[in-house]
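Structure, as C-alpha cells:
The values are calculated or read from the model by the stated rules, or taken from the named source; none is laboratory data. Please read these numbers as outputs of a predicted model, since none were measured by experiment. Every residue, glycine among them, receives a Cβ derived from its backbone with ideal geometry; neighbour counts consider all protein chains shown. For the accessible areas, the whole protein counts, side chains as well, though only heavy atoms, and no ligand, DNA or RNA atoms are used. Shrake-Rupley method; radii C 1.70, N 1.55, O 1.52, S 1.80 Å.
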Number of protein chains: 2
Amino acid sequence: MDKPSLPKGTRDFGPAQMSRRLYLLDTIRSVFQRYGFQPLETPAMENLSTLTGKYGEEGDQLLFRILNSGDFLKSADPQLLAAGQSRTVAPQISEKGLRYDLTVPFARFVVMNQHEIAFPFRRYQIQPVWRADRPQKGRYREFYQCDADVVGTDSLLCEAEIVLMIREVFGKLGIRDYSIKLNHRDVLAGLAAIAGAEGKETAFCVALDKLDKTGTESVKADLQSLGLPVAELNRVFGLLEHAGDPKEKLSMLEKSFTSNGKRGLEDLRELLQLLEGTPEGLAHVDFDLTLARGLSYYTGCIFEVKVKGASVGSVSGGGRYDNLTQSFGAREKLSGVGISFGIDRLYDVLEEFSLFPAGTGASATVLLCHFDAETRAYAFRTAGILRNAGIAAEVYPDLAKIKKQFEFANRKGIGHVVVVGEQEMKTGELTLKNLATGMQETLAADAIIQRLHGK
Amino acid sequence: MDKPSLPKGTRDFGPAQMSRRLYLLDTIRSVFQRYGFQPLETPAMENLSTLTGKYGEEGDQLLFRILNSGDFLKSADPQLLAAGQSRTVAPQISEKGLRYDLTVPFARFVVMNQHEIAFPFRRYQIQPVWRADRPQKGRYREFYQCDADVVGTDSLLCEAEIVLMIREVFGKLGIRDYSIKLNHRDVLAGLAAIAGAEGKETAFCVALDKLDKTGTESVKADLQSLGLPVAELNRVFGLLEHAGDPKEKLSMLEKSFTSNGKRGLEDLRELLQLLEGTPEGLAHVDFDLTLARGLSYYTGCIFEVKVKGASVGSVSGGGRYDNLTQSFGAREKLSGVGISFGIDRLYDVLEEFSLFPAGTGASATVLLCHFDAETRAYAFRTAGILRNAGIAAEVYPDLAKIKKQFEFANRKGIGHVVVVGEQEMKTGELTLKNLATGMQETLAADAIIQRLHGK
C-alpha cells in the first residue's frame, strides 16, 4: 500500500500549530465581537454561476471545480469531449466550485437576505478559501481568510473603528512596532491629475505602488515611459517625499490639490479627527501616498498594515468599496468598508518574534501519574477535581513505569506532573512537580489548584 | 441576471444561528481541552487514494470529486469518454475529493506523523464534511462533525473519561434529561451465541438494533426468519427484558454467559467501577443490550446519547475500535476510542427546549445613539470606554432620527441603548435604556459598565 500523502499546497495543522492558530483567531474574533460584528459562515461549495466572472479571467482558471455527481458525462457535448476541449467541457460536467474568497459569498448572502438584514450590517467571517494556484513558499491552495465588513453605510466612523480594531488586535497579540498605512482612492486620483495622468490612473498607481520596493529612480522611469511630463512628475515626487505626520501631509496636499483629490482629503481629515479623540490618538497611523491596493475594487479609504522588522509583507489590509452587491445585479447601492487579517502571515510574525504565550500548544496543564490500578483510579478522581477548578488535566491512561509517564509529559509540553502513590492516597497530599524547574512540593488538591492557577 | 442561490443541501449560517453554533462548539471545545484533547485540522481536500475504499461502495459514490486543474481531458481515455463511462472516467479526471468524515483524515494524519506523535494521542477535530447524499430534512451535503479520540491505548480510563465529558457537555448546555446508552461489542457476541446465531452476528445485531422502533414481536419475527430457534430466542428476550440498573444487568449476564461475552462484561464492570468513584456516579448511564451501532468498525465499548423528549434521534455516539490505521497499511495496531457530537441535532435540541442563553445571537450588548456629528463623535469615544471594559458596543454609524436608531437596535436584538445628547455631553451622565423593560436611567459611564455587567 502506498504511503498516504497530502494534496500539494495543502496542510495539516497539528496540535501545537492548531492551538496557536486558535489563540490567534480567538483574539481577533473577540475584538470583532466587541465592535458589534456578527459571525457568518457560508458553504465551501458555491454554484459556479455565483463564482465565475467575479475574479477576472485568471481567477476563473484558479477555481476548484466539483465534478457533478452521478453520470456527469451525460450532459457533456460528445464533440467537445472528443476534441479534448477541457475548458469548454468543464462547465458541462461541473456546476459547483469551492469558494475563492469570502467577499463574493458575503455579497451573495447579502443579496439573498437583503429583506431580513438590518443595515448597516456588520459581519465577520473566518473560513478557508481554495485557489488552484501554483503552490510555493507561503502560498497555499487552501488557506484561511479572516474578514470583517460593515455594509450599508458610508460613515467614516467605520473606517475609524477599523483602525481601532487593528490597534486592539495587535496590542492583544503583543505586536508593538507596526504601521497602519492609510491612503484614499481619490487622493491617488488627485496625484494622477497633477502628474497629467488622466485616463492612465491605474498604470500610474501600479507604478507608484512599487516605490518602497524599487526606489524613486525606477518608478520615475516607469512613469516617464507612460508619457508623463517630467516637470509634473517632479512636482508629484516633491509631494511624495514630504515627510511628516498624517496631518502635516494632509495640509500640504490641501494646498496642492485643486479639484481632484479634495473629497479624499476631506474624508481623511474627518477620519483623523475621530481618531484623535481616542486614547491612542494617531499612534501607528501613517498616511502613505504610495499605497494603492487593487484599485479596481476600492473607492475610498484604503489600509494596509506592516510589522516593522518582520520578514513577511503586509499582514492586514482593506478599504472602502462602493457597491458590494453590484455583480449580483442588486438595484440598491451598498457602500461598505472591510478589513482582512492575513492569518498565515500573522502566525509567522508571532512565531518570528516569539509572541505566542507560553503553554500554547500543550495538551494539558498537568499530567497525573500513578503506580498501579489503585493509584490510577485515585488519579482519575483527582483529575476530576482539578478539571472542575478549570484546570486542563490528563491522566496517563496505561499502567506504565513512572519514567515513561514523565517522558510523555515532557514530549507533549505538559509543564507539571502530579504523582499519586500509596503514601499520597493515605494522606491526601500529592506530589506536584514542575518539570521545567524540577521543583517538587507535597500539597493537598486545593493547594495544587492554587499553584496551577499561578497563585 | 439570475437571482443567486445556494447549492442544494448546503446552508448559510447567518449571525443569529452562527452565534448559537459558536456557543455550542465553544462549550464542547472547552470540555475537550480540559480533558487534555488537542485540536487538529486537516485540509478539506484529500487525495482520492486516501478516501476511496474506506466507506464501502456506497460511500465512494457519495464522495465529492474535484476536477483536475488545467487540461483535465488530456489524461482521460477517449474510448471511455465516447462510451459515456462516467464512473470509470472520474478517477482519470479527478485526483482529489472533499473529506467524507473526520476519522479517515485523522488516521492518515496519524500514519504520516507516527514518529512525531507522543502516544497515547488525544485529538479533537471540529470541521465540516461533505457527502453527495440526496438532501432531505435534517440531512445536508455539508455539515460539521465534532470528534474526540484517544489512540494508542486500550485503557478503560478513556471510556470513563468519555462518559464524564458527555455529562460535562450536557451539564454546561443545560440538558438535564438524557441517557448515555452503553453496550459492548463482545456482549452482543455473547447474546448472539446464546441465540445460536454464530456466523450471523451482524444480521442478529441489525435486527436487535430496531427493538425500540419496531417492538419485540417484529424483531422476534426478523430473528426467526434468520433461522434462529424459538427457545433460544426466548432466552435472549428474557435477558433483554430484564429491567434494572447497569450493575444488576451485568450480574444477570455474568450468570448467563459462558465464554462468549465474558470479556465484554469485564470491561463494562471496570468502566462502571471507575464511574462510581466520581461525584456523579452512574448518573445518566444506561446499559442497553440492544445498542449495536455499525458493528463493522467498533470492537469494544459502544456509546450513544439520547435526549429524552427530544424529537431528534441520538445526539452523540462513539466507541472503541481496534485498529485505526489498518486501512493505511500501518504495521503497529492502534487501539482507540472516540466520541462524536452531532452538532446539528444538538443545536435543534437546544432550540427545542429553549436552552440557548439569552442574548446569544445579538450583535452587541449596547447601541450608542446620537443626534448630530458632535454627539456621534462623543458616542464613538464612549464606545471605546465600554469596549475596554469588555462590553460589546456598537455606535450607530449614520446621522439618523433617534427613532430609526432604536428600531435598528430592536431589529438586531441589542438589549440596551445609550443616548448621547447635548445635555449628556455637558454632564457626562448618559441615558441608559433597557429596550425590553423600557426602564431608563441616567448614569456616568462607569455606572453603565456596572449595569451592563449585570451588577
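Among A:Asp147, A:Asp186, A:Asp154, which is the only one that is in a loop (DSSP other than H, G, I, E, B) and among the charged types (D, E, K, R)?
So the residue among A:Asp147, A:Asp186, A:Asp154 that is in a loop (DSSP other than H, G, I, E, B) and among the charged types (D, E, K, R) is A:Asp154.
When the residues of region B:22-37 are narrowed to those that are open to solvent by less than 10 Å² (accessible area, probe 1.4 Å) and under 16 Å from the mean Cα position of the chain (by Cα), which ends up nearest to the other protein chains (Cβ to nearest Cβ)?
Once the filter is applied, the top-ranked residue is B:Phe37.
Anything in region B:157-201 that is open to solvent by less than 10 Å² (accessible area, probe 1.4 Å) and touching a Pro at 6+ places or on another chain (Cβ under 9 Å)? List them, or say none.
Across region B:157-201, the qualifying residues are B:Leu157, B:Cys158, B:Glu161, B:Leu182, B:Ala195.
Could you list, in sequence order, all residues of region A:425-451 that are open to solvent by 30 Å² or more (accessible area, probe 1.4 Å) and assigned to a helix (DSSP H, G or I)?
A:Met425, A:Lys426, A:Thr427, A:Asp446, A:Ala447, A:Gln450, A:Arg451
Could you list, in sequence order, all residues of region A:254-268 that are of a type in the set (A, V, I, L, M, F, W, C) and at pLDDT 95 or above?
Pass one, region A:254-268, residues of a type in the set (A, V, I, L, M, F, W, C): A:257, A:265, A:268.
Hits for region A:254-268 are A:Leu265, A:Leu268.
Among the numbered criteria (1) of a type in the set (Phe, Trp, Tyr); (2) part of a strand (DSSP E or B); (3) surrounded by fewer than 21 Cβ atoms within 10 Å (Cβ to Cβ), which single criterion is violated by B:Phe303?
Evaluating B:Phe303 over (1) of a type in the set (Phe, Trp, Tyr); (2) part of a strand (DSSP E or B); (3) surrounded by fewer than 21 Cβ atoms within 10 Å (Cβ to Cβ) leaves (3) as the failure.
Looking at region A:53-65, can you tell me whether even one residue there is at the interface with chain B (Cβ under 7 Å from one of its Cβ atoms) and open to solvent by 20 Å² or more (accessible area, probe 1.4 Å)?
yes
What is the number of the single condition among (1) free of Cβ contacts under 8 Å to residues at least 40 places away in the same chain; (2) assigned to a loop (DSSP other than H, G, I, E, B); (3) among the charged types (D, E, K, R) that A:Glu280 does not meet?
(1) is the only condition that A:Glu280 fails.
Taking only region A:334-352 into account, find how many residues are in a helix (DSSP H, G or I) and open to solvent by 10 Å² or more (accessible area, probe 1.4 Å). Talk me through it step by step, then tell me what you get.
The first filter runs over region A:334-352 and keeps only residues in a helix (DSSP H, G or I), leaving A:343-352.
Applying the additional criterion that residues be open to solvent by 10 Å² or more (accessible area, probe 1.4 Å) yields A:344-345, A:347-348, A:351-352.
So the answer is 6.
Just for region B:368-390: of the residues that are open to solvent by less than 10 Å² (accessible area, probe 1.4 Å) and at the interface with chain A (Cβ under 8 Å from one of its Cβ atoms), which one is farthest from A:Gly336 (Cα to Cα)?
B:Arg387
Would you call A:Gly199 in a loop (DSSP other than H, G, I, E, B), without any contact (Cβ under 8 Å) to a residue 24 or more places away in the chain and not basic (Lys, Arg)?
yes
State whether one or more residues within region B:404-411 are at the interface with chain A (Cβ under 9 Å from one of its Cβ atoms), part of a loop (DSSP other than H, G, I, E, B) and over 34 Å from the mean Cα position of the chain (by Cα).
Within region B:404-411 (the criterion being at the interface with chain A (Cβ under 9 Å from one of its Cβ atoms), part of a loop (DSSP other than H, G, I, E, B) and over 34 Å from the mean Cα position of the chain (by Cα)), the answer is no, since none of the residues qualifies.
Condition first: within 8 Å of chain B (Cβ to nearest Cβ) and not in a loop (DSSP other than H, G, I, E, B). Now tell me which residues in region A:106-132 satisfy that.
A:Arg108, A:Phe109, A:Val111, A:Met112, A:Arg122, A:Arg123, A:Pro128, A:Trp130
When you go through (1) out of contact with any helix residue (DSSP H, G or I) (no Cβ under 7 Å at 6 or more places or on another chain); (2) modelled with pLDDT of 95 or more one by one for A:Ala358, which number turns out not to apply?
(2)
Results for (1) open to solvent by 10 Å² or more (accessible area, probe 1.4 Å); (2) at the interface with another protein chain (Cβ under 7 Å from one of its Cβ atoms); (3) in a loop (DSSP other than H, G, I, E, B); (4) in contact with a helix residue (DSSP H, G or I) (Cβ under 8 Å, 6 or more places away or on another chain), shown as yes or no for each residue.
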residue: B:Ser49; (1), (2), (3), (4): yes, yes, no, no
residue: B:Asn68; (1), (2), (3), (4): yes, no, yes, yes
residue: B:Leu80; (1), (2), (3), (4): yes, no, no, yes
residue: B:Gly84; (1), (2), (3), (4): yes, yes, yes, yes
residue: B:Arg87; (1), (2), (3), (4): yes, no, no, no
residue: B:Gln92; (1), (2), (3), (4): yes, no, no, yes
residue: B:Tyr100; (1), (2), (3), (4): yes, no, yes, yes
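Mind listing whichever residues of region B:3-19 are open to solvent by less than 50 Å² (accessible area, probe 1.4 Å) and more than 7 Å from chain A (Cβ to nearest Cβ)?
Of everything in region B:3-19, just one residue is open to solvent by less than 50 Å² (accessible area, probe 1.4 Å) and more than 7 Å from chain A (Cβ to nearest Cβ), namely B:Gly9.
How about region A:233-246: which of its residues are open to solvent by less than 70 Å² (accessible area, probe 1.4 Å), part of a helix (DSSP H, G or I) and either within 14 Å of another protein chain (Cβ to nearest Cβ) or not aromatic (Phe, Trp, Tyr) (or both)?
Within region A:233-246, A:Leu233, A:Val236, A:Gly238, A:Leu239, A:Leu240, A:Pro246 meet the criteria.
Kindly evaluate B:Asp133 against the criterion of being in contact with a Gly (Cβ under 8 Å, 6 or more places away or on another chain), within 26 Å of B:Val337 (Cα to Cα) and in contact (Cβ under 8 Å) with a residue 60 or more places away in the chain.
Values: in contact with a Gly (Cβ under 8 Å, 6 or more places away or on another chain): yes; within 26 Å of B:Val337 (Cα to Cα): no; in contact (Cβ under 8 Å) with a residue 60 or more places away in the chain: yes.
Judged against the criteria, B:Asp133 is not a match.
Within the bounds of region A:190-198, is there any residue that is more than 32 Å from the chain's Cα centre (by Cα) and at pLDDT below 90?
The answer is yes; a qualifying residue exists.
Condition test on B:Gln405, is it open to solvent by 90 Å² or more (accessible area, probe 1.4 Å) and free of Cβ contacts under 8 Å to residues at least 40 places away in the same chain?
no
In the set A:Leu435, A:Leu399, which member is touching a helix residue (DSSP H, G or I) at 6+ places or on another chain (Cβ under 7 Å) and more than 13 Å from chain B (Cβ to nearest Cβ)?
Result: A:Leu435 is the single residue among A:Leu435, A:Leu399 that is touching a helix residue (DSSP H, G or I) at 6+ places or on another chain (Cβ under 7 Å) and more than 13 Å from chain B (Cβ to nearest Cβ).
Quick one: what pairs do we get from region A:302-331, first residue acidic (Asp, Glu), second part of a loop (DSSP other than H, G, I, E, B), C-beta under 8 Å, 6+ apart or different chains?
Note: pairs meeting the criteria are A:Glu304/A:Asp288; A:Glu304/A:Leu291; A:Glu304/A:Arg293; A:Glu304/A:Ser314; A:Asp322/A:Lys333; A:Asp322/A:Ser335.
For region A:210-229, give me each residue that is more than 15 Å from A:Thr290 (Cα to Cα) and open to solvent by less than 60 Å² (accessible area, probe 1.4 Å).
Result: A:Ala221, A:Leu226, A:Gly227, A:Leu228, A:Pro229.
Please indicate, with yes or no, whether at least one residue in region A:133-151 is on the phi > 0 side of the Ramachandran plot and within 14 Å of chain B (Cβ to nearest Cβ).
no
Output the qualifying pairs, or none if there are none: Cβ atoms under 6 angstrom, residues six or more apart or on different chains, first residue in region B:411-428 and closer than 12 Å to B:Glu374 by Cα, second residue open to solvent by 30 Å² or more (accessible area, probe 1.4 Å) and part of a helix (DSSP H, G or I).
Hits for this filter: B:Val420/B:Tyr378; B:Met425/B:Tyr378.
Of all residues in region B:412-424 being assigned to a helix (DSSP H, G or I) and in contact with a Leu (Cβ under 9 Å, 6 or more places away or on another chain), which is nearest to A:His115 (Cα to Cα)?
Going through the qualifying residues, I end up with B:Lys412.
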